[in-house]
Amino acid sequence: MNFYLNVSKILSFLLFLTVVVHCKDKSQSELETKSKQGAGNQMDVKVSIVEIPMTEVVRSITFYEKVFQTKIERMTMEDTELGVFPSNGNGANIVLTKGKDYKPKSEGVLVYLDGGDDLQPILSLVSLNGGKVLLPKTEISPEMGYFAIFLDTEGNRIGLHSKN
């Protein structure tokens, strides 16, 4: 069963990459033509905030601090507990979130976190800190780099990506 699950994950990721490459390959003239035909301006969609659900605040924050070797700020907003990753303001804000509507799960949206220059050092800390590696470091292509997938201590499926 794990074999089919891994093959399914790889095929889903490759399909995603094919769509990204296809969209990227659209010529500027096609976009200009659509705009002139009344399609309006194309919105530049970017990720702003990623919330990763958690049930055990201390366990989850400790896991991510150890795996990513960073300090996560603990906060509370009304009845929601947060673990906020440090940010330089240039990328998406990543927040561990515990609240009544937040349920960790291993299906659904898969977020890929930046693994730096090489994701392997991060990935090697996953199992040591209570997580589980689902897919080891795998090459996408020489141009696109590598990816891996793990389960965190809460049961969320998280991806990593790096160029090397």
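The values are calculated or read from the model by the stated rules, or taken from the named source; none is laboratory data. A quick note: this is a predicted structure, and the numbers were derived from the prediction, not measured. For neighbour counting, all protein chains shown are included, and Cβ atoms are generated from backbone atoms with ideal geometry for every residue, glycine included. Quick note on the areas: whole protein, heavy atoms, side chains included, nothing else; ligands and nucleic acids left out. Shrake-Rupley method; radii C 1.70, N 1.55, O 1.52, S 1.80 Å.
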List every residue whose amide H lies under 5 Å from the amide H of Y112, counting only residues 5 or more places away in sequence or on a different chain, with H placed 1.01 Å from N in the peptide plane.
-> G159
Which listed pairs, of K66/K105; K103/K163; K100/K163; K105/K137; K46/K137, have C-alpha distances above 27 Å, in listed order | K103/K163; K100/K163
Under a 5 Å amide H to amide H cut-off, with H placed in plane at 1.01 Å, what residues pair with I94 once short-range neighbours are removed?
-> V50, F85
Integer Hz, Karplus 6.51/-1.76/1.60 couplings in order for the range 117-126, x for Gly and Pro | 5, 9, 6, 4, x, 5, 4, 5, 8, 4
Taking the Cα centre of the range 52-164 as origin and charging only Cβ (+1 Lys, Arg; -1 Asp, Glu), how large is the dipole, in debye to the nearest 20?
-> 240 debye
Which ³J(HN,Hα) values in Hz, rounded to whole numbers, follow from the phi angles of the range 45-56 under the Karplus curve 6.51 cos²θ - 1.76 cosθ + 1.60, where θ = phi - 60° and Gly and Pro get x?
-> 6, 9, 6, 10, 9, 10, 9, 10, x, 9, 10, 10
Taking a probe of 1.4 Å, how large is the accessible area per residue of the range 97-164, in Å²?
-> 51 Å²
